Amino acid sequence: MKSEKNHLWGGRFKEPTDEFVKIFGASISFDKVLALYDIEGSIAHATMLSEVNVLSSAELKLILKGLDQIKNEITNNQFNWSIDLEDVHMNIESRLTEVCGDPGKKLHTGRSRNDQVATDIRLYLRDQVRLIILEVERLLNALLDLAEHEKETIMPGFTHLQAAQPISFGHHLLAYFEMFKRDRERLQESFKRINTMPLGSAALAGTSYPIDRERTAELLGFERISLNSIDAVSDRDFAIEFTANASLIMMHLSRFSEELILWSSAQFEFISLPDSFCTGSSIMPQKKNPDIPELVRGKTGRVTGNLMSLLTLMKGQPLAYNKDNQEDKEPLFDSVDTIYNCLRIFADMVPTIEANKDNMYRSALKGYTTATDLADYLVKKGLAFRDAHNVVGKAVSYGLKENKDLSEFNIEELKSFNSLIEKDVFDVISLEGSINARNHLGGTSPKQVSMAIKAGRKSIK
Ligand code: ARG
């Protein structure tokens, strides 16, 4: 097809755009995601223009009717997207003039694609963040329910991936609850910075028409309007901030994934995931692979990468708008889709996690996880902590030689390490004794876990 001069700026141009330049510069393949937001913005802009008498009410009527028709064409997949029209904004504007004639040409009065695209992205992201927060909340509730179910379940807690101290599995799950709760808070707090309207900034300096920006913002449900036209059309910090928040969510999901993968291995056998969330191997008949957590762990890299893309995209740009900013969309859209899908699948999967309580318990008995409890016991009987540490160190060394856990020593054996040790020691060095003793705010005793769950439920209401 032979190129013609672009009719939106053809006036100044003598030659048509080079064919590959057109392909290279077009964003329509990905920015059509913004189509309905673009129409929403145009409806508000046109309504405001007619209220300040820049458009007549007859013109407004035709524009609104045309936009409504276009909206239907798009939702019914009947819209003919054209790469010749570069992006979503020009595709829609051009179609508007086709369907309603000259009034369509007036829609862009007092507006530029620069403030238009900045507005569209914010409308889009505002909607998406609302949906994402709902998925975070579903995950938070799933974690609370599972923690409730598993508050008495004892497992080894780790540092350096070495058995450290016994903990309640419920308590371990609540650690993730706290992480995702902060993630939710971050999304909520940043929402007001997304929910700010750039429209009216026009190309960069504002417009000479008597526009009423407060009115447009009201029509679009924006909490506030941007206060500097140059800033409003150029910065994408709100998208970067979202992607940073998304990266943190992915990082948390990835850590959780890593644990689920380890725990469901034959070497740990702490949990099992249902068949519906796993896959088999085409060659090894015994395999059941935790694909979902693996994929989520893997997808974390994309979102972190998107964050780097956006930061790098922005850092060298002089004010105000530059075409570079067209590159903000794919990393942003990809982050939104990835985070939404990962949260959704986790919120679905968490309730299906089944704890193998016996294995967890047996594993907690390995690795002298109550050694600290024995030391604390001796301190309470009057020994200095360093001396107590030394006594227990010797006991562990003996246990390693005899292949016995502390709780398997008889009272004579224990007494041989220090005469302060008496029969009541068994209440302390048992797994139950150990976790019950950590009975303070933020501790692992089932009583505290119960209270933390209640407080947690309240905090996300
Ligand atoms: N497709 C462009 C973008 O995504 C729209 C804004 C274009 N503005 C311009 N002056 N070329 O950023």
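The values are calculated or read from the model by the stated rules, or taken from the named source; none is laboratory data. Keep in mind that this is a model prediction, so the values were computed, not measured. Every residue, glycine among them, receives a Cβ derived from its backbone with ideal geometry; neighbour counts consider all protein chains shown. For accessibility, only protein heavy atoms count, side chains too; no ligands or nucleic acids. Shrake-Rupley method; radii C 1.70, N 1.55, O 1.52, S 1.80 Å.
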Filter the trypsin sites (Lys or Arg not before Pro) in the stretch 407-440 to those in DSSP coil with at most 12 other Cβ atoms within 10 Å of their Cβ, and list the result.
423
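Given +1 on the Cβ of Lys and Arg, -1 on the Cβ of Asp and Glu, and no further charges, what dipole in debye does the chain carry about its Cα centre, rounded to the nearest 20?
Values: 56 positive and 65 negative charges, 117 e Å.
Charge dipole of the chain: 560 debye, to the nearest 20.
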Could you give the angle, 0 to 90 degrees to the nearest 10, between helix 446-459's Cα long axis and the longest principal axis of the Cα atoms of the chain?
10
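Sort 181-191, 272-282 for me by packing, meaning the mean count of neighbouring Cβ atoms within 10 Å per residue, highest on top.
Working: 181-191: 17.3, 272-282: 13.1.
So the peptides 181-191, 272-282, ranked by packing, come out 181-191, 272-282.
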Determine the distance separating the Cα centre of the stretch 388-418 from the Cα centre of the stretch 209-271; give it in Å without decimals.
53
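Tell me, what is the per residue accessible area of the stretch 1-109 in Å², probe radius 1.4 Å? Could you put the intermediate results ahead of the total?
Details: 6130 Å² over 109 residues.
Spelled out: the 1.4 Å probe surface of the stretch 1-109, per residue, equals 56 Å².
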Cleavage-rule hits (chymotrypsin sites (Phe, Trp or Tyr not before Pro)) in the stretch 310-359: DSSP loop, at most 12 neighbouring Cβ within 10 angstrom:
none
Once fully extended, how much extra length lies between residue 319 and residue 454, figured as 0.36 nm per residue of separation less the alpha-carbon to alpha-carbon distance?
43.6 nm
Suppose each label sits 7 Å from its Cα in the direction of the beta carbon; what would the residue 69-residue 426 distance come out to in nanometres?
8.8
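Provide the per residue accessible area, probe 1.4 Å, for the stretch 136-194, rounded to a whole number of square angstrom.
Accessible area per residue, the stretch 136-194: 41 Å².
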What distance in nm separates the simple spin-label points at residue 402 and residue 354, each placed 7 Å from Cα in the Cβ direction?
3.8
Please give the length that would be gained between residue 182 and residue 389 if that part of the chain were fully extended, namely 0.36 nm times their separation in residues minus their C-alpha to C-alpha distance (nm, one decimal).
70.8 nm
Run the helix sum for the chain: -39,500 (n - 2.57) per DSSP H stretch of 4+ residues, divided by residue count, reported at 222 nm to the nearest 500 deg cm²/dmol.
-19500 deg cm²/dmol
In the chain, with Lys and Arg counted as +1 and Asp and Glu as -1 at Cβ, which of these residues, 92, 452, 180, has the Cα nearest the positive end of the dipole, that is, farthest along it?
452
With r defined as the distance between the Cβ atoms of residue 23 and residue 80 and R0 fixed at 22 Å, what FRET efficiency is calculated, to the nearest 0.05?
0.80
Where a label projected 7 Å from the Cα of residue 416 along Cα→Cβ would reach, residues of the stretch 378-405 with amide N under 20 Å:
378, 388-405
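Within 10 Å, count the other beta carbons around each residue, average over each peptide in 369-376, 405-412, 159-166, 297-304, and list them highest first. Could the numbers behind the result be given before it?
Working: 369-376: 22.4, 405-412: 15.5, 159-166: 13.9, 297-304: 18.2.
Averaged packing, sorted descending, gives the order 369-376, 297-304, 405-412, 159-166.
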Hey, got the dipole for the stretch 1-122? About the Cα centre, +1 on K and R Cβ, -1 on D and E Cβ, debye to the nearest 20?
200
Answer rounded, prolate or oblate for the stretch 373-413, using the Cα gyration tensor with square roots of eigenvalues a ≥ b ≥ c: rounded when a/c is under 1.5, else prolate when a/b is larger than b/c, else oblate.
prolate
The stretch 219-277, accessible surface, carbon-and-sulfur percent (1.4 angstrom probe)
52
Rounded FRET efficiency, nearest 0.05, which uses the C-beta distance separating residue 203 from residue 14 and R0 of 30 Å:
0.85
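Using only the Cα atoms of the stretch 71-129, build the gyration tensor, take square roots of its eigenvalues as a ≥ b ≥ c, and label the shape rounded, prolate or oblate: rounded if a/c is under 1.5, else prolate if a/b is larger than b/c, else oblate.
Details: a/c = 1.85, a/b = 1.22, b/c = 1.52.
Judged from the Cα gyration tensor, the stretch 71-129 comes out oblate (a/c at least 1.5, b/c at or above a/b).
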